[in-house]
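Beneath this line is the structure, given in structure tokens, with notes to follow.
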Amino acid sequence: MTTITECIEIQVDSRQVLDERLDDAVRGLQQIAMAAGTQGILLTRHKAGHYTAALSDQVPFGMTREIIN
């Protein structure tokens, strides 16, 4: 079973803003992940301009993975 916690939704119209928001989300999730040391970060592209960044037990601690739905 997959557990996803601490999900951040990102919706943007500009590539520059997207990069900034994704970087901010990853930095924030890294701080949370360090406390538990059990989850990595999963970035998911749902459609153009709509992403989520989340901690996931399906991603090894210390890793960030990207998927496109």
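The values are calculated or read from the model by the stated rules, or taken from the named source; none is laboratory data. Everything quoted here is computed from the prediction, not taken from an experiment. Please note: Cβ atoms are built from the backbone with ideal geometry, for glycine as well, and neighbour counts cover all protein chains shown. Accessible surface is based on the protein model in full, side chains and every heavy atom, while ligands, DNA and RNA are left aside. Shrake-Rupley method; radii C 1.70, N 1.55, O 1.52, S 1.80 Å.
Observations on the model:
- Condition check for ILE67: surrounded by fewer than 20 Cβ atoms within 10 Å (Cβ to Cβ), among the β-branched types (Val, Ile, Thr) and modelled with pLDDT of 95 or more: yes
- In the range 9-26, the count of residues that are touching a Phe, Trp or Tyr at 6+ places or on another chain (Cβ under 6 Å) and of a type in the set (Val, Ile, Thr) is one or more.
- Filtered by the rule that a residue be open to solvent by 30 Å² or more (accessible area, probe 1.4 Å), modelled with pLDDT under 95 and under 16 Å from GLU6 (Cβ atoms), the range 40-61 gives ASP57, GLN58.
- Of the listed requirements (1) in a helix (DSSP H, G or I); (2) open to solvent by 70 Å² or more (accessible area, probe 1.4 Å); (3) in contact (Cβ under 8 Å) with a residue 24 or more places away in the chain, LEU29 misses just one: (2).
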